[in-house]
Amino acid sequence: VDYQQAPVKEREKLLKIPVDSNVLVTYRHRIDSAAFARAREANTEAAYLDFLKRFETASQKADAIALRDEVAFANAVLENTYQSFLTYTEKYPDSRFAGEAKARYDRLLFESKTSDQKLTTFESFLSQYPQTPYRGEIEQQIFEKLTAGGEAAAFEHFIRKYPASGKVKIAKNFLYHLLKEDERA
């Protein structure tokens, strides 16, 4: 770019060296290749980020992005926390690993936040994360824990509190049979 913007006299001086745009482009490609080789040797997220920042026009840009994503995902797997996968998906949403990172985030978040297996914990989690892919499992846990005593009031409470749940039909069936039994008694 500098060569092309240089005054004609300056370019003529450079021709005596001999330097022209083709030579400069060749050198740029060699420099890019050497820098990419250095980044690959280090094989760290930071090395690839540095390469991408400093060599924006390098022909190896796509390869550097793919390797950066791979190394960053491997680091998230090693840490294996929902926070590490959340960070990964926020930093690299277009990565080929983004889907797997999101799935691992969802699983680890669910396991971490509901590890005590208490009713209030499941209800709180469902309230905080209504779009969780573990909604069915959570609703099952809530249903079982809330209605464990078998009282009609517990089934009524579940039906009122979780009207959109897939477990409402089951709760209504239990409630119907409980009320029928009460009528017979």
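The values are calculated or read from the model by the stated rules, or taken from the named source; none is laboratory data. Just so it is clear, the model here is predicted, and its values are computed rather than measured. A quick note on method: Cβ atoms are made from the backbone with ideal geometry, for glycine too, and the neighbour counts reach across all protein chains shown. All accessible areas refer to the heavy atoms of the entire protein, side chains included, with ligands and DNA or RNA removed. Shrake-Rupley method; radii C 1.70, N 1.55, O 1.52, S 1.80 Å.
Roughly how many Å² of Val71 are accessible to a 1.4 Å probe, to the nearest 10?
Surface accessible to solvent at Val71 totals approximately 20 Å².
So, with +1 on the Cβ of K and R and -1 on the Cβ of D and E, and no other charges, what is the size of the charge dipole of the stretch 42-96 about its Cα centre, to the nearest 20 debye?
120 debye
Could you order Lys161, Lys53, Lys13, Lys180 so the one with the most accessible surface comes first? Probe is 1.4 Å.
If we order Lys161, Lys53, Lys13, Lys180 from most to least accessible, we get Lys53, Lys13, Lys161, Lys180.
Any chance you could check the Cα centroid distance between the stretch 67-107 and the stretch 108-183 for me, in angstrom?
Cα centres, the stretch 67-107 to the stretch 108-183: 31 Å.
Counting Lys +1, Arg +1, Asp -1, Glu -1, what net charge surrounds Tyr176 among other residues with beta carbon under 14 Å of its beta carbon?
Taking every other residue near Tyr176 into account, the sum is 0.
Which one of Gly99, Asn173, Pro130 has its Cα pushed farthest toward the positive end of the charge dipole of the chain, where Lys and Arg give +1 and Asp and Glu give -1 at the Cβ?
Result: Gly99.
How big, in percent, is the set of alpha carbon pairs in the chain lying more than 20 Å apart?
I get 70 percent for the Cα pairs in the chain exceeding 20 Å.
Over the alpha carbons of the stretch 76-185, what is the largest minus smallest coordinate on each principal axis, giving the biggest first in Å?
Sorted largest first, the three principal extents are 63, 25, 17 Å.
Can you list the DSSP H helices in the chain whose Cα atoms extend at least 30 Å along the helix axis and whose mean Kyte-Doolittle hydropathy is 1.0 or higher?
none
How big is the accessible area of Arg68 in square angstrom, nearest 10, if you roll a 1.4 angstrom probe over the protein chains?
40 Å²
Considering Cα pairs under 8 angstrom that are at least six residues apart, work out the relative contact order of the chain and quote it in whole percent.
Contact order relative to length: 10 percent.
Given a Förster distance of 22 Å, report the FRET efficiency between Tyr129 and Lys169 from their Cβ-Cβ distance, rounded to the nearest 0.05.
With R0 = 22 Å, the Cβ-Cβ based efficiency is 0.40.
For Arg28 and Glu41, compute 0.36 nm times the residue count separating them, minus their Cα-Cα distance, and round to one decimal in nm.
Full extension of this stretch gives 2.7 nm more.
I need the peptides 84-91, 170-177 ranked by packing, meaning the mean over residues of other C-beta atoms within 10 angstrom, with the highest value on top.
84-91, 170-177
Using the beta-carbon distance between Leu178 and Thr121 and R0 = 30 Å, what value does 1/(1 + (r/R0)^6) give for FRET efficiency, to the nearest 0.05?
E(calc), rounded to 0.05, equals 0.65.
Quick one: putting +1 on the C-beta of Lys and Arg, -1 on the C-beta of Asp and Glu, what dipole do you get for the chain around its Cα centre, in Debye to the nearest 20?
That gives the chain a dipole magnitude of about 460 debye.
Arrange the residues Thr147, Thr26 by how much accessible surface each exposes, largest first, with a 1.4 angstrom probe.
From most accessible down to least: Thr26, Thr147.
Say the dipole of the chain comes from +1 at the beta carbon of Lys and Arg and -1 at that of Asp and Glu; which of Ala39, Gln83, Gln60 then lies farthest toward its positive end?
Among Ala39, Gln83, Gln60, the one farthest towards the positive end of the dipole of the chain is Gln60.
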